[in-house]
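The values are calculated or read from the model by the stated rules, or taken from the named source; none is laboratory data. Keep in mind that this is a model prediction, so the values were computed, not measured. Positions of Cβ are backbone-derived with ideal geometry, glycine not excepted, and every protein chain shown enters the neighbour counts. Heads up: the accessible areas ignore ligands, DNA and RNA and are worked out on the full protein's heavy atoms, side chains in. Shrake-Rupley method; radii C 1.70, N 1.55, O 1.52, S 1.80 Å.
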Amino acid sequence: MTIKINAPIEPVPFKRVMQSGKRRFNDARYTEFKRELGYFALKAMAGQPPLEGAIKIFIEVYKKIIPTALTFGDWDNHAKAVSDALNGICYLDDKQIIEGHVRLFKGEPKLIITLEEFK
């Protein structure tokens with residue numbers, strides 16, 4: 001099975017969890033990004049249950065700036081943000097991902113994500 005997610009949203013790379021006293025929290029932009037991506041993932045799943053086996057993931061990240069810009073975000077932080085956002089929606093847990101590819105592009109902000117069951 002192949003799942004394709006086309007999310008016309010501003011990609012936000014993973015940021016370390018912040019702490020204030022004993023309270024730990026994520027950046028509000030990152031939390032909102034995960035919620036928005038989850039919405040597009042649910043639409044792409046069309047009522048299907050999460051995948052249960054090994055998965056390959058292909059992520060295309062588009063932003064208005066060139067990928068070498070310091071503000072673009074590291075490729076692995078984009079992978080982490082996407083894989084966390086899809087937990088429990090497209091697959092049970094991101095530990096099911098055994099192969100992944102991330103490509104960074106300049107263009108209108110969006111994410112194109114393809115998930116394939118590993119065979």
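With Rg and the Kirkwood Rh both taken from Cα atoms, where does Rg over Rh land for region 64-113?
Reported Rg/Rh, Kirkwood definition of Rh: 1.01.
Residue farthest toward the positive end of the dipole of the chain, with Cβ of Lys/Arg at +1 and Asp/Glu at -1: which of Ile3, Tyr30, Ile89?
Tyr30
Where in region 67-98 are there chymotrypsin sites (Phe, Trp or Tyr not before Pro) that are in a DSSP coil and have at most 11 other Cβ atoms within 10 angstrom of their Cβ?
Filter output for region 67-98: empty list.
What is the P(r) of the chain, as percent of Cα-Cα pairs per 5 Å bin from 0?
2, 11, 23, 23, 19, 12, 6, 3, 0, 0
In whole Hz, with x marking every Gly and Pro, tabulate ³J(HN,Hα) for region 64-81 from phi via Karplus 6.51 cos²θ - 1.76 cosθ + 1.60, θ = phi - 60°.
Whole-Hz 3J(HN,Hα) from phi for region 64-81: 6, 10, 6, x, 7, 5, 4, 8, 5, x, 5, 4, 6, 6, 5, 4, 5, 4.
Report, to the nearest whole %, how much of the accessible area of the chain belongs to carbon and sulfur atoms, 1.4 Å probe, protein only.
On the chain, the fraction of accessible area on carbon and sulfur atoms equals 53 percent.
To the nearest 0.05, what FRET efficiency results for Ile98 and Lys4 with a Förster distance of 25 Å applied to their C-beta separation?
Computed FRET efficiency for Ile98 and Lys4 comes out at 0.85.
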